[in-house]
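Following: one structure in structure tokens, then a few remarks.
Derivation of every value follows stated rules applied to the coordinates shown; laboratory data play no part. Keep in mind that this is a model prediction, so the values were computed, not measured. Reconstructed Cβ throughout: ideal geometry from the backbone, glycine too, with neighbour counts over all protein chains shown.
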Amino acid sequence: MSLFEKTATELLALQAEGKASAVEVADAFLAAYSAREPKLKSFMLSPDPDAVRRRAAEIDAKRKSGRPLGKLAGVPVAVKDVLCTKGVRTTCSSKILEHFVPPYDAHVVERLAAEDAVIFGKTNMDEFAMGSSTENSAYHLTRNPWDTERIPGGSSGGSAACVAGCQAPVSLGTDTGGSIRQPAALCGIVGMKPTYGRVSRYGLVAFASSLDQIGPFAHDTRDCALMMEAIAGHDDRDSTSVNRPAPEYTKTVDQPVKGLKIGVPREFFGQGLDAEIEGAVRQALKEYEKLGATLVDVSLPHSPYALAAYYIVAPAEASSNLARYDGMHYGHRTTEKGDLIATYSKSRAEGFGKEVQRRIILGTYVLSSGYKDAYYVKALKVRRLVKKDFDDAFEKCDVVMGPTTPSAAFKAGEKSDDPLALYLSDVYTVSCNLAGLPGMSIPCGFTKSGLPIGLQLLGAPFSEEQLFRIARMYESVTDWHTKRPKV
Ligand code: GLN
């Protein structure tokens, strides 16, 4: 296996043993990036080779000096372009922020730097994280490394594609309704959406503030745990950040959970689920049974309403969050002359893409006087019931499992004219965000045509440590997480 196909954990070991330097690691990924980027287009802003090498050399010097090294010493980490990076453009793949250069780093970017990681470029995404295929980027399409005719999923499609395609060993994404788990599933890698409040959102450009969480992409669960260890924890600058110590996830990740009870919700195996996906997920459940786990039938009776509630709550919050891009305070300003209102509306019409405009209009509508009670307030009530379903389920089981997505990666362009069809790809992922729970997707097989399939694991609040242990049990008896595509 080439250096660029290795996991972060393996790269750390090679450096600790003196078998590779941080500069050699950086060079391997810079070469993989250059060779593969014309096909994959994972990045919004390419890694700056000089900055990457300089940073890697600093880490090598630190190692030589004998000073203690961080948990991610010399590991390249790609970052979704929705996270602020000081002095480096942060566009959210939107024209409205084309020239925005943040004056500060997001909390998670600070944390990565403190752990001696090497920041490795900013990844492409759906504009303002709205989408499920990365086709809503205002700049370019990102391709699925397993089949470049197909989309990588979204909205963190670039972060998933660059790890699956071995342009970076690990990356960060964000998940508001599935944007880490869904692309992880479609690209055959591991992704985690942490409990709401586990990771600080300071410096994350907001989409829907009550749902957004930042989380990692990795080849396997051990790397995912390592990344979470680096970014989780309390931060005063995000009022929803929970003041609760973050466990050292890597210490326990290899300990299997004894007497594991897996909840299998019947609502996740109904109409619309592709037969090959169902087959692979059921097979994974059988593997768990062989490992000693018991399957428990659970019901999430309100899950059929979760998607509708999500597509009211998320646009409502987005319409408010995106009000700041008016060409005056923030964002692109039209060059056409006009009065204040005309300048606002022209700037926004020029700066925002179609899907973002659709969400702003939807969100403004469901919050408007006369409609608020019928839509927004009702959706909040459904959200409460979705949460209660999970509370009830976790009385009977330790983890809920099912498919991450109803089907495998689709062809670019296949669903771009049908927003509703695209919204349906989130059918199994949005409940987790509405309920504020941690969720993971891990690879559990391939379709006959060679496309990856994801198994979703949902846990009670702050059960990340247990989720990692449960995911790792599966990796100990399967090898899906070791597969790499030929790009
Ligand atoms: N696909 C969902 C949407 O378009 C989720 C996006 C996300 O999690 N950022 O809103």
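Just to check I understand the Karplus step: with θ = phi - 60° and J = 6.51 cos²θ - 1.76 cosθ + 1.60, what whole-Hz values come out for region 219-236, glycine and proline as x?
Each residue's phi maps through the Karplus curve to give 6, 9, 5, 4, 5, 5, 5, 4, 5, 5, 4, 6, 9, 6, x, 6, 8, 4 Hz.
What relative contact order, as a whole-number percentage, does the chain give when Cα pairs under 8 Å and 6 or more residues apart are counted?
Answer for the chain is 18 percent.
For Y311, Y330, what ranking results if the residue with the fewest other Cβ atoms within 10 Å of its Cβ goes first?
Y330, Y311
Go through region 66-154 and name the chymotrypsin sites (Phe, Trp or Tyr not before Pro) that are in a DSSP coil and have 12 or fewer other Cβ atoms within 10 Å of their Cβ.
In loop regions of region 66-154 (DSSP not H, G, I, E or B), there are no sparsely surrounded chymotrypsin sites (Phe, Trp or Tyr not before Pro).
Multiplying the sequence separation of S368 and E17 by 0.36 nm and subtracting their Cα-Cα distance, what value in nm do you get?
120.2 nm
So what J values fall out for region 111-126 if you push phi through Karplus, 6.51 cos²θ - 1.76 cosθ + 1.60 with θ = phi - 60°, rounded to Hz, Gly and Pro as x?
So the J values, rounded to whole Hz, are 5, 4, 5, 5, 8, 6, 6, 10, 5, 10, x, 10, 8, 5, 7, 5.
Can you tell me which aspartates and glutamates have their Cα less than 17 Å from the Cα of K6? Leave out same-chain residues fewer than eight positions away.
Within reach: E17, E24, D27, D220, D223, E475, D479.
How do V430, V199, V377, V23 line up, fewest other C-beta atoms within 10 Å first?
With the sparsest Cβ surroundings first, the list reads V377, V23, V430, V199.
Would you mind estimating how fast region 289-369 diffuses translationally, via Stokes-Einstein at 20 °C and 1.002 mPa s with the Kirkwood radius over Cα pairs, in µm²/s?
138 µm²/s
Radius of gyration and Dmax for region 202-360's Cα atoms, expressed in Å?
In order Rg, Dmax, the Cα atoms of region 202-360 give 22.5, 70 Å.
What's the extension gain from R244 to T294 if we count 0.36 nm per residue and subtract their Cα-Cα distance?
14.9 nm
Going by average Cβ density within 10 Å per residue, which order do the peptides 157-169, 65-77, 396-408, 336-348 take, highest to lowest?
Highest mean packing first, the order is 157-169, 396-408, 65-77, 336-348.
Got a sec to turn the phi values of region 411-421 into Karplus ³J(HN,Hα) couplings, 6.51 cos²θ - 1.76 cosθ + 1.60 with θ = phi - 60°, whole Hz, x for Gly and Pro?
Working through the residues one at a time gives 6, 4, x, 4, 10, 5, 8, 10, x, 5, 4 Hz.
Among the GluC sites (Glu not before Pro) in region 216-301, which ones are in a DSSP loop with at most 15 other Cβ atoms within 10 Å of the Cβ? Mind listing them?
E248
For the chain, state the semi-axes of the equivalent ellipsoid (square roots of 5 times the eigenvalues of the alpha-carbon gyration tensor), sorted largest first and rounded to whole angstrom.
31, 30, 21
If eta is 1.002 mPa s and T is 20 °C, what Stokes-Einstein diffusion coefficient results for region 425-468, Kirkwood Rh from Cα pairs, in µm²/s?
185 µm²/s
Under 5 Å between amide hydrogens, which residues at least 5 positions from I119 or on another chain qualify, with H placed 1.01 Å from N in the peptide plane?
Those qualifying (amide H under 5 Å, at least 5 residues apart or on another chain) are V77.
Under the 0.36 nm per residue contour assumption, what length would be gained going from the current alpha-carbon distance of H329 and K378 to full extension?
Computed gain between H329 and K378 is 14.3 nm.
Under the rule of at least 5 residues apart or a separate chain, name every residue whose amide H is placed under 5 Å from the amide H of V298.
Amide H neighbours of V298: V264, R266.
With labels modelled as points extended 7 Å from the Cα through the Cβ direction, what inter-label distance (nm, one decimal) is found for K396 paired with K261?
1.0 nm
Starting from a Cα-only point model with no solvent, please compute log10 I(q)/I(0) by Debye for region 117-166 at q = 0.21, 0.32 1/Å.
-0.63, -1.18
Tell me, what is the FRET efficiency for S476 and E149 to the nearest 0.05, using R0 = 41 angstrom and their Cβ-Cβ distance as r?
0.75
Give me E17, E115 sorted ascending by neighbouring Cβ count inside 10 Å, so fewest comes first.
The most exposed by this proxy come first: E17, E115.
Considering only DSSP states other than H, G, I, E and B, which trypsin sites (Lys or Arg not before Pro) in region 1-56 qualify as loop sites with at most 15 other Cβ atoms within 10 Å?
K19
Sorted from largest down, what three extents in whole angstroms do the Cα atoms of region 75-121 have along their principal axes?
32, 18, 13
5 Å is the cut-off here: which amide hydrogens, built 1.01 Å from N in the peptide plane, fall below it relative to D81, excluding neighbours closer than 5 in sequence?
Close amide H contacts, sequence-distant or interchain: T123.
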